[in-house]
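The values are calculated or read from the model by the stated rules, or taken from the named source; none is laboratory data. All values reported here derive from a predicted model rather than from experimental measurement. Neighbour counts are summed over all protein chains in view; Cβ atoms, including those assigned to glycine, are modelled from backbone coordinates with ideal geometry. Surface accessibility is based on the protein's heavy atoms, side chains included, excluding ligands, DNA and RNA. Shrake-Rupley method; radii C 1.70, N 1.55, O 1.52, S 1.80 Å.
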Amino acid sequence: MSKQFIRLLIVFTLFVSILLGSTDAVTAQSILPATTSVLGAKQKNIGPVSDPNVVTWEMLGLSETQLNGPYDATYFSFGLPADWKLIEGATLNLSLGVFVNAGIQTQSTPAVTSLGQSYSAGTIGGGTLTVYLNSTILTVLPLDQVGEVEKTIQIPLEAFTSASNDGSINVSIILNTGASCYNFSQTNVVIRTSSYFTLPHELVQPDTSLLNFPRPIYQNSFIPSLALIVIPDQPSAADLQAALTVAIGLNKLSFGNVAIDMVTLGKLTPEQEAANHLIFVGTSASLPILGQMQLPLPVDGGKFKVSGGGSDDGLVEMVNSPWNKADVILVVSGNTDQGTIKAAQAVSTGVFRPNKFPNLAVVQEVQTTPVPTPQPTDQTLSSLGYKGRLFESRGVGNVSYNFNIPPGWMVTSDANFGLVFGHSALIDYNSSGIVVLLNGKPIGSVRMSDASASLSTNRILINIPASAVIPGKNRLEVRVNLLPKDECSPQNMHGLWVNIWPESMLHLPLELTPINSVSNLSLASYPAPFIYYPLLDNTAFVLQHNDLESWQAALKIATFLGSNANGPVTALKVYYGDDLPEAERSKYNLLIIGRPSQTPIIGEINKTLPIPFLGGSDVLADGNFQVTYRIPSDSPMGYMEIMPSPWNSDNVILAVLGNTAQGLSWATSSLIKPTLRDRLAGNFAVINDKQIITTDTRLAPTIKSVPTESAEIVVIPSNNETTTSTSSDQQTTWVFPTFIGSVVLIALLSAFVFIRSWSRNRIRNISKKGGRNPGG
């Protein structure tokens, strides 16, 4: 029995050990990821990224780059923050992976495998990596070692001198391992993302000259640009009009790279003052804070006093921020509403002529009436101010040319670009070519041949689709990809070349733009018809009083429209819903934004809306829906309705509404985000987060419903203690019952073994006694 019990005890001990071990493992598994992430974060801060002088590959938006021999290159550019003044000691730290493709191997150079390829270990020779900063050669690194290589390159201050108007710094890294071709091997170099710049600098106040606008608000640097428009606590419609105009201009000038928001003066917090460039928009009387600023033309007695100026002049002034040394304050103002609007329209052009001081501009007048004067039909690159361009480097190169289309005009179907080019006969025609793009869209390509190589000039006509042309500035880009027939041919031979001749011609016949706002009237056509007028001078926003959320929604919609309209100046209008003059209603396409119950004009047109609202409320009346649901009135919901204007059948009304601030935000997002905007259709839409249901009440009741995108739900505990206690509670609920059950099971097994053993011993003893009696 003792042996059985010992065995049973061993089994029990092992069972309990496994049980407790698994519990520890679960506990460790639940805690370890959080611990690891914390340690990982600390480790990251220990490295060079914690140094304020360090600019990492990640900050520059760069990924790991592989350069393949014998010849390859990579190029990128970045800008410096406006408050940085570089000092001596700048370096570039390159982390490289150098690999040689195994060609001829010897016993002394065994092959190693990396990234699925075969490489030879040891030392190599004949290859270089040349690093340029702008036009300065920083170093020519010999590639004489295989494996992971760290190189620190000194950068002289003069190398940061930029030839670009925006101050961009261009970096070129060029691989040349042509010598390796003679031993039938190929050297590849991987530039690791652990590479970084060290840029010692002093912090200085940014230059506030308006000649450099939109810099320093937009810096094109690795530090995000944040701008906050500050309006009066009780803004007039003109104040809001000026604010939207400024936002459109800054968004357009920064190519959408400045995050713009809006707040009233009374809600401006110290945190916001310290974290943003601030743009104060409003009259001198409506913004008392202007009297406290050190402006080149200060506010005196609640007014600007312009020597020799008019009462309706606009003022644009820029000064350094007292709340953050890296930021600036832009004042867009005037003594009257007309002056403030003029100043805002001047900002939307991005071009200033300073007054007495470089950071002050006085705006007398702004021309907002499009002048339909067509330009010459045929314009060569030379007449547009461009020279010819010679491409000689291997890989992809590009050149851009800008041309203008006057507002109110469009190109006809026979518009084209006559590209005049010549090229070398040493090009690999199967891998090389020319691509032409217009506003980022490819419109044509050229395949080169021996026939075209035999001529110094070739002309090819590339049709320009009318839909690819936009009012205002257009960008024509020519991209050239050059690869040699023999990739081991010397790079300095200059055997690869493509010449783009300045005789290349744009043929741009123009015609007046036919505008029919209500043709094919549908939410699917947005942002038409608003962008039919590049200056947005046929668009009026209708807003509600005392509702910052609706004003912020209008700002987002306005910047989106402005970037698509691409006009040289912005001339939209803004009215309050209870103060839209009868004479003005027929002039504009109207964008009504807010809550239905708080926007009087919605009450006026409610009966003619595709689906009206119950009188004086934010509750939608029954529509043409197959299923009607009971939804609480305070449940967030966004609405979109489009209809012909009752005051002018050639114009439209687009109502962007919400029963709550959240609902309005959802409706606004559906007009801005491409993935949501593509789902709009018909003349009515109801938006619930990412779910969009549309219908067209002009047709039979047909509902188009887009399934709701499943959102990822992430549960984040409030603190570590909560996580630990929750995990412990979960473990206790199953560990203790399991332990008790195990003890009971072991006890039953022990009793069973004991009884069985006792029974066997008893029978054995009886048998022994019975055997002795017969023998006695």
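Does segment 549-589 hold any residues that are open to solvent by 50 Å² or more (accessible area, probe 1.4 Å) and within 18 Å of L228 (Cα to Cα), and which are they?
Residues of segment 549-589 open to solvent by 50 Å² or more (accessible area, probe 1.4 Å): 549, 556, 563-564, 568, 573, 578-579, 581-583, 587.
Once the filter is applied, which keeps residues that are open to solvent by 50 Å² or more (accessible area, probe 1.4 Å) and within 18 Å of L228 (Cα to Cα), segment 549-589 yields E549, K556.
With among the β-branched types (V, I, T) and open to solvent by 40 Å² or more (accessible area, probe 1.4 Å) as the only criterion, which of V204, V246 stands out?
Values: V246 fails: open to solvent by 40 Å² or more (accessible area, probe 1.4 Å).
V204 is the lone residue from the list that is among the β-branched types (V, I, T) and open to solvent by 40 Å² or more (accessible area, probe 1.4 Å).
Got at least one residue in segment 437-448 being open to solvent by less than 20 Å² (accessible area, probe 1.4 Å), touching a strand residue (DSSP E or B) at 6+ places or on another chain (Cβ under 7 Å) and polar (S, T, N, Q)?
The answer is no, given that none of the residues of segment 437-448 is open to solvent by less than 20 Å² (accessible area, probe 1.4 Å), touching a strand residue (DSSP E or B) at 6+ places or on another chain (Cβ under 7 Å) and polar (S, T, N, Q).
Restricted to segment 235-267, and to residues that are out of contact with any Asp or Glu (no Cβ under 7 Å at 6 or more places or on another chain) and free of Cβ contacts under 8 Å to residues at least 40 places away in the same chain, which residue is nearest to K473 (Cα to Cα)?
Checked segment 235-267; the qualifying residue nearest to K473 (Cα to Cα) is F255.
Taking the condition open to solvent by 40 Å² or more (accessible area, probe 1.4 Å) and at pLDDT 95 or above, does N320 pass? Working first, answer last.
Working: open to solvent by 40 Å² or more (accessible area, probe 1.4 Å): yes; at pLDDT 95 or above: yes.
In short, yes.
Only one of (1) without any contact (Cβ under 8 Å) to a residue 12 or more places away in the chain; (2) farther than 23 Å from Y532 by Cβ is not met by S467, so which one is it?
The failed condition is (2).
Evaluate the following for N257: is it under 26 Å from the mean Cα position of the chain (by Cα), open to solvent by 10 Å² or more (accessible area, probe 1.4 Å) and closer than 30 Å to I155 by Cα? Spell out how you get there, then give the answer.
On the way: under 26 Å from the mean Cα position of the chain (by Cα): yes; open to solvent by 10 Å² or more (accessible area, probe 1.4 Å): yes; closer than 30 Å to I155 by Cα: yes.
Yes.
Which residue is nearest to the chain's Cα centre (by Cα), if the candidates are limited to segment 337-348 and must be open to solvent by less than 50 Å² (accessible area, probe 1.4 Å) and more than 21 Å from Q294 (Cα to Cα)? Write out each step before concluding.
At the first step, the residues of segment 337-348 found to be open to solvent by less than 50 Å² (accessible area, probe 1.4 Å) are 339-348.
Still in the running and more than 21 Å from Q294 (Cα to Cα): 341-342, 345-346, 348.
Working: I341: 30, K342: 31, Q345: 26, A346: 27, S348: 22 Å.
Here the answer is S348.
Please work out which one of (1) in contact with a strand residue (DSSP E or B) (Cβ under 7 Å, 6 or more places away or on another chain); (2) of a type in the set (G, A, S); (3) farther than 23 Å from N402 by Cβ is the condition G567 fails and give its number.
(3)
Taking V411 as the residue in question, decide whether it is open to solvent by 10 Å² or more (accessible area, probe 1.4 Å) and β-branched (V, I, T). Walk me through it before giving the result.
On the way: open to solvent by 10 Å² or more (accessible area, probe 1.4 Å): no; β-branched (V, I, T): yes.
No: the conditions fail for V411.
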